[in-house]
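The values are calculated or read from the model by the stated rules, or taken from the named source; none is laboratory data. Only a predicted model underlies this, so the values are computations on that prediction, with no experimental measurement involved. When we count neighbours, we look across all protein chains shown, and the Cβ atoms used for this are built from the backbone with ideal geometry, even at glycine. The area values use the complete protein model at the heavy-atom level, side chains included, leaving out ligands, DNA and RNA. Shrake-Rupley method; radii C 1.70, N 1.55, O 1.52, S 1.80 Å.
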Amino acid sequence: MLTTGDIARVFRQLADTIGAARDELCRLDGVIGDADHGIAMADGFAAASRAIDVLPGEASLADQLNAAAKGFLNAVGASSGPLYATALMRAAKAAGARAEMPLTEAPMLIVAMAEGIRSRGKAEQGEKTMVDVWTPAAAAAEQGMASGLTLPEIMARIRDAATVGAESTKSMVATKGRSARLGARSLGHIDPGAASAAMVLNVIADDWGQRVKA
Ligand code: ADP
Ligand code: MG
């Protein structure tokens, strides 16, 4: 089972990992954006994790993910704020008002997050955004579930898809978001939102992949 304790732990890990990557993400955003992406993501996940930690003990998975969404949105002024807030609200809806869900359904949360980001930002794959990571990761989750792979196998595929997706943005020209104004000058640089998305998915995939082996 994926419990509220598991969700709280994953968000603490996200806050730690993304917090440690803050400067690196700002540096990437400095090349093709406005150098604030590390601040946005680090503040966002710190606030999300705090929002979960102060919930009462009887909170459901949906309560946790909705609180995380609200915390993230309130903490972040950059465009990643509403994108991740929508992603987390979609995950809340998928998780539902229950205290735990079967681990076999956990990949659905990643699918729901990717759908939230796409519906909020209206970006397609190939436009050099975080969608270039979330969409292939969600596809890996769906395919893995459809072929009856184990959770560790599905998580490994999500990790690979996310890493390849982030790297693929280097050879793309940005047509969405702030870096679109650079046009062809955005070529050759990894998209900061894609880089952070791969970090987020790696944390989740590592945690859930090991969770079931233990
Ligand atoms: P801002 O551009 O407002 O400073 P951030 O620096 O936090 O926001 O985030 C920038 C990232 O947001 C980009 O690298 C890109 O991945 C992502 N992004 C921007 N616009 C969109 C969009 N419409 N859909 C999906 N992702 C987007
Ligand atoms: Mg920025």
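Given (1) of a type outside the set (V, I, T); (2) surrounded by fewer than 17 Cβ atoms within 10 Å (Cβ to Cβ); (3) more than 20 Å from G209 (Cα to Cα), identify the lone condition not met by E100.
That leaves (3) as the condition not met.
Scan the stretch 59-77 and report the pairs whose first residue is under 20 Å from G38 (Cβ atoms) and whose second residue is among the β-branched types (V, I, T), with Cβ atoms within less than 8 Å and a gap of 6+ or a chain change.
Going by the 8 Å Cβ cut-off, the qualifying pairs are A68/I52; G71/I52.
Given the residues A40, A59, A94, A51, which is the only one that is within 14 Å of ligand 1 (Cβ to nearest atom) and at pLDDT 95 or above?
Unique residue meeting the criteria: A40.
How do the pairs read when you match residues in the stretch 170-181 that are within 14 Å of V31 (Cα to Cα) with residues anywhere that are within 10 Å of ligand 1 (Cβ to nearest atom) and open to solvent by 60 Å² or more (accessible area, probe 1.4 Å), using Cβ under 6 Å and keeping only pairs 6 or more apart or on different chains?
none
Residue check: is S186 surrounded by 22 or more Cβ atoms within 10 Å (Cβ to Cβ) and touching a His at 6+ places or on another chain (Cβ under 7 Å)?
Answer is no for this residue.
Please specify each residue of the stretch 75-93 satisfying the condition of being surrounded by 24 or more Cβ atoms within 10 Å (Cβ to Cβ), more than 16 Å from ligand 2 (Cβ to nearest atom) and not small (G, A, S).
Answer for the stretch 75-93, where residues must be surrounded by 24 or more Cβ atoms within 10 Å (Cβ to Cβ), more than 16 Å from ligand 2 (Cβ to nearest atom) and not small (G, A, S): just L88.
Quick check, is D160 assigned to a helix (DSSP H, G or I), open to solvent by 60 Å² or more (accessible area, probe 1.4 Å), more than 16 Å from ligand 2 (Cβ to nearest atom) and of a type in the set (D, E)?
Answer is yes for this residue.
Which residue pairs have Cβ atoms closer than 7 Å, lie 6 or more positions apart in sequence or on different chains, and pair a first residue in the stretch 11-40 that is within 16 Å of A180 (Cα to Cα) and within 12 Å of ligand 2 (Cβ to nearest atom) with a second residue that is among the β-branched types (V, I, T) and at pLDDT 95 or above?
Within 7 Å, the pairs are L28/I190.
Return the residues of the stretch 50-66 that are β-branched (V, I, T) and closer than 17 Å to A106 by Cβ; say none if nothing qualifies.
Listed by number, the list holds a single entry, I52.
Within the bounds of the stretch 182-201, is there any residue that is at pLDDT below 95 and either within 12 Å of T129 (Cβ to Cβ) or not in a helix (DSSP H, G or I) (or both)?
Scanning the stretch 182-201 turns up at least one residue that is at pLDDT below 95 and either within 12 Å of T129 (Cβ to Cβ) or not in a helix (DSSP H, G or I) (or both).
If I go through the stretch 16-37 residue by residue, how many of them are touching a Phe, Trp or Tyr at 6+ places or on another chain (Cβ under 9 Å), open to solvent by 10 Å² or more (accessible area, probe 1.4 Å) and within 16 Å of ligand 1 (Cβ to nearest atom)?
So the answer is 1.
Which residue pairs have Cβ atoms under 6 Å apart, sit 6 or more places apart or on different chains, and have a first residue in the stretch 114-133 that is more than 16 Å from A162 (Cβ to Cβ) and a second that is open to solvent by 50 Å² or more (accessible area, probe 1.4 Å) and among the β-branched types (V, I, T)?
Close Cβ pairs (under 6 Å, with a partner that is open to solvent by 50 Å² or more (accessible area, probe 1.4 Å) and among the β-branched types (V, I, T)) amount to E127/T175.
What number of residues within the stretch 120-152 satisfy the criterion of being away from ligand 1 (no atom under 16 Å from the Cβ) and in a loop (DSSP other than H, G, I, E, B)?
Summing the residues that are away from ligand 1 (no atom under 16 Å from the Cβ) and in a loop (DSSP other than H, G, I, E, B) in the stretch 120-152 gives 4.
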